[in-house]
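What follows is a set of notes on a single structure, which appears directly below.
The values are calculated or read from the model by the stated rules, or taken from the named source; none is laboratory data. The model shown is predicted, which means the values in this text are computed figures rather than measured ones. All Cβ positions, glycine included, derive from the backbone under ideal geometry; neighbour counts span all protein chains shown.
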């Protein structure tokens, strides 16, 4: 039987048949300035946080390499293949927002966009907190009070906002320099492990073959690997700002290679050079590996690596800011949010979206670090309460981000069916591979959600309380996302009703 003839009529639709206003307009508003190298740098800033290597090295031992391999094969590579296909078919602004609209329609498109944007916006707080943690590595006495941490995070968000409002080409040059420095620092971590081996110094970890096998006690680390690899589609939030369509597949290929190599190098450096083993699970183990591996130069190089990582987290905050603000921008163009959200500044940057997003992140930071820890009457130290009120929303957004990735992996199957001819025109892989990638990605994303629910990130809460809080925050966030769509839809319908149609205007003129 002819495959195309067996599909319903909707499957013969063309991508041009239901264009969003943002697909028609955004390309004429924003400059095409991003190269494949720029996209790799953006991808790394979104995905690659080397402290994840230390956590796996300290918790999983040699089986960490197995978990990394499983994550690459079941999540990162399938995600790259599917993102490449959808990005080439619909290279517009908004990535998951746009693709889900094509697959499921307006409501799910906006809902997917919200599920992608909400974690990205809170990512501004998380990367700002990364700066705090690295400063505390330089001096543990610094920033001990939650309000002090909150002020530093606000300053990082403000700096990221200022950089995001500059002409994108200028901002991207700064990000690219940070990316190169970050890559050099990661190479130092891997080289520290190699020098330790060359000195014939016994590794603190037992590399015996049985220790490579995953065990039930370490299964949660697979979920942590999935969480460490979230964000592969984010650079395509700026789809119309890419110079050439082929840059999409190039960044996915080279960016994935960089992420794979970096996480493995980081794990190797920490696992080989850091002693004792109990110190390997801390994010501070990254700089400690350099100090231990380079002998007399170790102290200076370890300090240099910490400073580079501080700069990287500032740049990562900037990348989160301007890339996720594009989701607000396109929602404004499509009137899902107020139209003023799509306004540009003189540098042709979505300034209102950046300012609104930065303002929300700042308000949440002040709430989580300055207000709640000192006002909630829970009878615990402010520092402990600050940890709880910060970690709970971060864990909830990880669940939401994983849910948005489920939509990504499902989208490709629906879009393949609805837009068969357009799909064939830019096909990157056979149908069976897309089906396999979709199934693997959905299961891996589900694992990320499950492990977030079942493995508390702090011992300040019981497992039951952790699950209840995470569930409440996730459900509440999803309700907010759905409500925003219906409010926007109602506003849009009112605007259309109050504006006279061309026919009405002609009738009034004749009268």
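Here are the criteria: (1) in contact (Cβ under 8 Å) with a residue 60 or more places away in the chain; (2) more than 30 Å from residue 334 (Cβ to Cβ); (3) assigned to a helix (DSSP H, G or I). Tell me which single one residue 144 does not satisfy.
Result: residue 144 passes all but (3).
Within the bounds of the range 157-179, is there any residue that is modelled with pLDDT under 90 and either under 30 Å from residue 31 (Cβ atoms) or over 24 Å from the mean Cα position of the chain (by Cα) (or both)?
no
Just a yes or no: is a residue in the range 235-244 surrounded by fewer than 20 Cβ atoms within 10 Å (Cβ to Cβ), outside any loop (DSSP other than H, G, I, E, B) and out of contact with any strand residue (DSSP E or B) (no Cβ under 8 Å at 6 or more places or on another chain)?
Looking for residues that are surrounded by fewer than 20 Cβ atoms within 10 Å (Cβ to Cβ), outside any loop (DSSP other than H, G, I, E, B) and out of contact with any strand residue (DSSP E or B) (no Cβ under 8 Å at 6 or more places or on another chain), one finds none in the range 235-244, hence no.
Applying the selection to the range 423-465, what residues are assigned to a helix (DSSP H, G or I), over 22 Å from the mean Cα position of the chain (by Cα) and modelled with pLDDT of 90 or more?
Listed by number, the residues that qualify are 423, 424, 425, 431, 432, 433, 434, 435, 436.
Scan the range 417-438 for residues that are free of Cβ contacts under 8 Å to residues at least 12 places away in the same chain and surrounded by 14 or more Cβ atoms within 10 Å (Cβ to Cβ) and jot them down.
none
Let me spell it out: the conditions are (1) outside any helix (DSSP H, G or I); (2) under 15 Å from residue 128 (Cα atoms), and residue 309 meets all of them except one. Which number is the exception?
(1)
Yes/no per residue for (1) modelled with pLDDT under 90; (2) crowded, with 17+ Cβ neighbours inside 10 Å; (3) under 21 Å from residue 231 (Cβ atoms):
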site: 7; (1), (2), (3): yes, no, no
site: 55; (1), (2), (3): yes, yes, yes
site: 63; (1), (2), (3): no, yes, no
site: 73; (1), (2), (3): no, no, yes
site: 78; (1), (2), (3): no, yes, yes
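Could you run through the range 281-303 and say how many residues are under 26 Å from the mean Cα position of the chain (by Cα) and closer than 14 Å to residue 138 by Cβ?
Selection size over the range 281-303: 4.
Any chance you could count how many residues in the range 179-207 are in contact (Cβ under 8 Å) with a residue 12 or more places away in the chain and outside any helix (DSSP H, G or I)?
Adding up the residues that qualify gives 5.
For the range 212-234, what are the residues that are under 18 Å from residue 82 (Cβ atoms) and outside any helix (DSSP H, G or I)?
229, 230, 231, 232, 233
Consider only pairs whose beta carbons are under 6 Å apart and that are at least six residues apart or on different chains; among these, list those whose first residue lies in the range 298-320 and is without any contact (Cβ under 8 Å) to a residue 40 or more places away in the chain and whose second residue is assigned to a helix (DSSP H, G or I) and buried (at least 24 other Cβ atoms within 10 Å of the Cβ).
Within 6 Å, the pairs are 302/287; 302/290.
Which residues, counting only those in the range 333-351, are assigned to a helix (DSSP H, G or I) and surrounded by fewer than 20 Cβ atoms within 10 Å (Cβ to Cβ)?
339, 340, 351
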